[in-house]
Each structure stands twice: as C-alpha cells, then as structure tokens.
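J.: Have a look at the structure that comes next, please.
The values are calculated or read from the model by the stated rules, or taken from the named source; none is laboratory data. Because the structure is a prediction, the values reported are computed rather than measured. Cβ sites come from the backbone with ideal geometry, for glycine too, and all protein chains shown count toward neighbours. These area figures cover heavy atoms from the full protein model, side chains too; ligands, DNA and RNA do not enter into them. Shrake-Rupley method; radii C 1.70, N 1.55, O 1.52, S 1.80 Å.
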Amino acid sequence: MFSFTPSSTSGSGQSSFSPSFGGPRPIFSTTRHVGETPSKESSGAPELFSSPVATERSAIAEDIADISEDEEEIDDEDDGVFTYTLQDAPIVAGRLQDWQGRKRTLKFRLPPLYNSGVAWIDGKKLDGGDQVPVVPEEMKIYPAEIPDSAFSDDYTKFVKDSYELYRALTDADHIGRPNDPSENNLPKYATTFLQILDAARRRVFDERLSEAYVVCHCLFASYFADPGITRAEAIMEWLNQYDPRPTTEETRDIMTAPVPYDEPGFWELVHKLAMRGLFFQCSNCLKEAGLAYGDPESKNAMQKATSILETAPKGSKAFGGHRQWRARAITFAEQVAKLSDVKLRKGLIALANILRGDSDTILALSESWQEATAALFLFHDPTPSRLSEYYQMAVVEFPVDLTVISEAGCAAIIAGDIPKALSVAERLDICVAAHMADFCDRQRMLDDFYNVATLDLPPFRDWLFMAHAINCCANLGTWFIGAAYLRDTEGTEGLSIIRESITHVYLDSEPTLTELLDLCKELQFDKEARQIVIAWSKLQLSRNQIGSALEWLDSIGNGHEIRAISWQLLESSLLNGLTLPDSILQQYLPSPQLCPGLIREFIAPYAIYFAFKNHLKEGDIVDAAQYLASLIQFSYLPGRFFGALLGELLPLLDRQRPRALPTTELIAIMNCLYQWEKDAGKCAEGIQFLQDCLSVTREATDLAEDDWRIEYPNIAAQDVIKLVRSKLITELSRAYLEGE
C-alpha cells in the first residue's frame, strides 16, 4: 500500500471535458520539502507526500522510527487534507526511510472524460535533480482517481435505479394527464424513489446520503403524501423514522417492571407515545399499567382514555373525523380534572391536552422543533395550509440547528421554502437533489422561483440535473444516463455537453458503439460519429479484429485510414511473417469482389501478398511469382517495402526449380530495381526496413518454414539486393539459353 496526501489548496486542474490530456504532470510525490518553490511544470498541481502509517506490512523497530519521523511532517500539514492510497507500493519491509531518500515522484494521468486514470512511479526527482533509475519492482501501473468523485458499484446501482424510475414517471406523464388530481401518480413514484434511496443508503454507508434521505423523506411527506393518509400522518411517520422516540429500550425498561404505573417514567412514556401518534402502543401501556384503582371514576377514566386512543381517526377518514375526535378529547380533559387521584389526574390531563392539540402542553413536552411541529399539525388542526404556522410556533421554543445540513433542509421544507431546501439537498447528494427538484417541478412548485426569461438562467430543476448529469458522464457505466438527463433540459447547454463528451466515452462493446452512433444520428452529430467510428476501429485493431475495423471505416468512407491499415498489414507480414487473419478478412482476401468498395480498392496490395504466400505454401510457384511480381511493380508501392519484397523473390529464382517468371517480368522487375536505387531517399528507407526484417529473423523462433530469411540468417541488407540482382541476371541468361 502506498499513501499520499494532497494539499487542500491544490488547483482544480483541467476540465473533465478537456479535449486532450496535456501530457502527464508530476503532481504528487513521496516526499514534501517544506518551503520548496514548485517548478513551472508543476506549479498548478497539488503536492502530495507519503504516509507510511497506512502501509499494510507489520511494523518493526526500523519502521517505527521511520513512521515517527514521517508523522512529524504530517503534523505540519494544513488541516483539511485527504489521504489517497495506492495498493502494493514497492517498499521493502524495514527500508522505508531508504526508499523515501530516493525522492520518488509519482505521476498520474486522467482521461478527458472519466475520473479514473493511471499513476506510475517516475525516475525524476521531486527537487529536479538527477534521474533515479526505476527498479523493476517499481515498474507498475496503479489505478488512480479523483478522490470522492468516482461512483462505487452500489452508488452506480442507485443512480441507475433512480433513472429507471425517472424514465417511467416521464413515460407515465406522456400517457396520462398528470395535472388531473384524480390521476396524479406522483405520490406513488415518490414512495418508490424513497424506497430506492433507503436501500441505497443502507448499502453505501455514506452519512451524506443518509442525511439526503432524511431531507427527501421530509419533502415527500410534506407534499407527496400517499392519498391514503393525511399530510399530518405522513410527517409524523417521517419524524418517527428520522428520530424514533421513545426508544425500544426505554419502553421495555418501564413496561417489564412489576407495576409499570409505579415507575417514575411511566407517564413520560405514555405522553411521548401519544405525542408521536403511536396510539395503539399508548393504549396498551395504559391497559398494562398495573394500576390498583381506588375508585370507579379512576377505572372509567383509564377506559375512556384507551377508547379515545383506539378510535383516533386515520387514513382517508382522519381529516373529516378529526373535529369530532378532538371534541371527545376536550370533554375528556374536563372530566378527568375532577379525579381525586392526583397522580392519575395530572397524567390524564396532560394526555387529554395532547390529544386535543393544546399548544402549551405540546410545546412543553416536546424535545425539538420537529416533534413540536408534527404534534401540533397532527392534533391541533391538520389543515395543510397551517403547517408553516406550527413550524413558526415551534422554532420560537426550539431554534433550528443550521450546522446540521439535513435539519436545515427539513426546516426549509416545513417552512415552505422549497428552493432553499433543494439548495441544501444539493450539498448532500446531487442525484437526490435533482430528483427532488423533478418531483417539485412536476407538481408546479417551482414556477414562481424566478423568471427564467429575465434572469437568463436554466430552470432550477434543469440546473441540478445538469450537475448530476455531468457526474454521470464522468463515470463508467452511467454516461448514457447523464446524456439522457442532459437531453431533457431546456436550452442548448445540455446538448453542448453531450457533444463535447460523447467522443470520449469508453467503447467497451459493439452495443455501446451502436447506441452512441444512434444518438449521434438522432442529434445530428455527424463529425462526432466519425470520430467515434475511428476510435472504435483503432480499438478493434488493437484486438486484432482487422476486418471489423475496416468495415466500420468503410461505413464512414474513411479511405485514408483503410489505406494506412492495408500498408500496416503488409509491413507486419513482411516483418513477422504472414499470420492467419481474422474471420472477416478470411472471407475478403480470397474473394476481393465480396469487399465493400473502399476496402476492395485499398486492401489490394495486402490481398496480393496474401495470395502470393498462399500459392507459395501450396507449391504453386508460377502463380505465386506472378502475384509477387505484380506487387513489386505496383506504381504506388511505398519505397520502404521494395527491398523486403525483393528478398521474397529469392526462393523463386532458385536454379534448382523450374523458371517461375517470364522474361518480360524479369526485365520489368530489374527496371523497377533501377528506378528504386535512383531515388536515394526511397532506397535508404527500403534498405533500413529490409535490415529490420533480417534482424527479426535472428530473434524469432516461430517463422514459417517457407520464409526466405531462414536460408540467409546472417546476410546484410545490401547483400540481399546484390544477390537478387545477380539471380535476376542469371534467370535472364537462363531464359535466353532456353530460347524464350
């Protein structure tokens, strides 16, 4: 493991959508020199130093001494730094100080689009001194990424699940009439999104995502409650999940006592259960209190209390039955005021005051503004328009702690300041904030946020989706999701981001390529489509899928690249011998008429050489010679290949074999040789390439048996040309003697 810690004041570097890398930059090092002035080359880059505390090997005496010295350096660093760790650093146990003394520099490079790149140990010293040789143990490529920017697998799943829900909701809006309250599907989709987010926060274990869940749940409870419950019940459910009270332990400690009623916290427990709308649990506590009634009135009062609790209106009937149920609570409060048992009287009066929505009692028994607001909303008057009024009453007694981001966001929601709530949510998780804004936008809750035409700004929902989309585009596996979000935003900025990033998407498969090209066609990105095809063809070439690369290049009419590949094939065959082509080329080379137009035109030189080698292998010397002669005489043959092709003639000019070439071909080849030697540049280039071909013979062990170089293992390139010329003259003499 190899750790390094960048300064918190480091520069931002290049944009994620920069069209080029700009070259590798030494931006982090294994040591840091206090007070050192960075060079121009690295002045805009963050500086890092090694943290041996994070190494995975066991500490011995020498290591501990090294670590102690290093910790002194760490203590001098600025606050707010982060440590980034590379696995398996080549530090031998007990040699940490020696390794640091070598003053290694760690360089890294990021691709233009994604946040994940590579890092490597460089021989250049941090102080710009002499090069330090890189030992074999250090010759390793490490993965590197911008800290806290890459999506984990679990978070990627959350992003994908959220997008699928977003797409389903969009499709539902197009089919139905979302403005019709009777057909409003938003609460159903809001509940589903909350379930997706809840599952994600349990997998990802990110405190910010958990806080974002609290804010999102508060928004959905306040404005997208299930039609089967009131908004007051939804907010109370949110509170009970966000801050569950009383705890299971508190309830168990009191209710498992021999006489729960005699426990000091009994009435506090009952009142808290009532405040939280947990009527069934509250009723059970009263029934199981173990109270020894001293008079009939006390028993009747307890029975009356449980009856009121158990008949509390819920769900769709709650709003209509609230007034009558509250009236019962008011009457009950008047009745219990006459009880002779002081303890029972005080407890039941407080309970009755809670149930009838007495603000003084609720505020006195509450522990937070959230609890006070939810209880007033549930018991006093659950009319939605009064929610902000209850919030204002609560925060007088319990001010909002704005240092807790989730609490600030929830406070803005309850107060009705949705834009502020979304801004707070953005600080926690941009994906959650964007989807919250989408729900609000569909509910027309952001229409009055600002005048878009006047401010010349994108709608708030679009702004959040653009930020989220850029994050998606910068991570493998979610680019298409980001592009879809960008397409759904207003204006041209989203399309500009797609245009700039689409050519940098990693082409992991042909379906990905096809999807990108379909998108280019739909958006009329013709130039970008050509760049993508060229990139894919190069990737196919690296996989030795040459036929596929040629077909894709032909599809965009790129004859220049096809011609270059054709010459590269010929060069590779001359150097390393003919190898079996891929399945597509195996179809094209024997039957050129099957090739698409451009491929048929530019693949011809390689196809001729391929035919020559096949005929030679089959022992068809005459046909092989004709193919080779035609290639040597090709007007547009690059001069660098001429010498190597002349070498291929040697087996055909053997006096022990029947003559393979007619006189006219021999004369034509000698004329080509003369013209080639006249051009000093072409001749020198050809001699050098021929020498390279001969050098391969001395190193290779798997050349084909019919390779001409096997017979001439130690010959020089110039001698090959002389030998070919001599054999051509001999063949002409032979032809004359044979009377041709």
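J.: In what sequence, largest accessible area first, do R345, R499 appear using a 1.4 Å probe?
T.: R499, R345
J.: Looking at this model, which pairs from K188/K420; K304/K346; K107/K140; K617/K722; K272/K346; K140/K538 are more than 18 angstrom apart at the alpha-carbon?
T.: Among K188/K420; K304/K346; K107/K140; K617/K722; K272/K346; K140/K538, the Cα-Cα distance tops 18 Å for K188/K420; K617/K722; K140/K538.
J.: Would you please give the residues with an amide H less than 5 Å from that of A144, counting only those at least 5 places away or on a separate chain, with H modeled from the backbone geometry?
T.: The list, which skips near neighbours in sequence, is G117, V118, A119.
J.: Moving to a separate point now. How big is the accessible area of R202 in square angstrom, nearest 10, if you roll a 1.4 angstrom probe over the protein chains?
T.: 140 Å²
J.: Can I ask one more? Between T663 and D401, with labels modelled 7 Å along Cα→Cβ, what's the label distance in nm to one decimal, could you check?
T.: 10.7 nm
J.: For region 615-740, what % of the accessible area comes from carbon and sulfur atoms, probe 1.4 Å?
T.: Here it works out to 51 percent.
J.: Enter the Cα centre distance for the pair region 194-222 and region 679-694, rounded to the nearest angstrom.
T.: When both Cα centres are located, 69 Å separates them.
J.: Could you pull the accessible area for D360 with a 1.4 Å probe, rounded to 10 Å²?
T.: 110 Å²
J.: Let me ask something else. Return one whole number: the accessible area per residue of region 600-648 in Å², for a 1.4 Å probe.
T.: Heavy-atom accessible area per residue stands at 40 Å².
J.: With every protein chain left in place, what is the accessible area per residue of region 479-575 in square angstrom, probe 1.4 Å?
T.: 46 Å²
J.: Something else: Over region 374-465, give the accessible area per residue in Å² for a 1.4 Å probe, as an integer.
T.: 42 Å²
J.: Run the numbers for I715 and L575: contour at 0.36 nm per residue of separation, minus the present Cα-Cα distance, in nm.
T.: Extra length available between I715 and L575 comes to 48.8 nm.
J.: Follow-up question, since we're still on this one. Carbon-plus-sulfur fraction of the accessible area of region 450-572, 1.4 Å probe, in percent?
T.: Ligands and nucleic acids excluded, carbon and sulfur give 50 percent.
J.: Here's a follow-up. Got a number for the accessible area of M302? Probe 1.4 Å, square angstrom, nearest 10.
T.: It works out to around 10 Å².
J.: Hey, another quick one. Order these peptides, 550-556, 167-173, 396-402, 326-332, by their mean beta-carbon neighbour count within 10 angstrom, highest first.
T.: Descending packing order for the listed peptides: 550-556, 326-332, 167-173, 396-402.
J.: Using θ = phi - 60° and the Karplus form 6.51 cos²θ - 1.76 cosθ + 1.60, what ³J(HN,Hα) does each residue of region 139-144 get, whole Hz, x for Gly and Pro?
T.: 8, 9, 9, 9, x, 9
J.: With label points built 7 Å along Cα→Cβ from the Cα atoms of Y293 and D582, find their separation and express it in nm.
T.: 8.8 nm
J.: Rank these by accessible area, largest first, 1.4 Å probe: Y627, Y213, Y163.
T.: Solvent-accessible surface, decreasing: Y627, Y163, Y213.
J.: For region 611-620, what does the Karplus curve 6.51 cos²θ - 1.76 cosθ + 1.60, with θ = phi - 60°, yield as ³J(HN,Hα) per residue in whole Hz, taken in order and with x for Gly and Pro?
T.: These are the phi-based 3J(HN,Hα) values: 5, 4, 5, 5, 5, 5, 5, 7, x, 8 Hz.
J.: Calculate the spin-label point distance for R208 paired with Q303, positioning each point 7 Å from the Cα along the beta-carbon direction, and give it in nanometres.
T.: 6.0 nm
J.: Taking all protein chains together and a probe of 1.4 Å, list T247, T512 from the most accessible to the least accessible.
T.: The most accessible residue leads, giving T247, T512.
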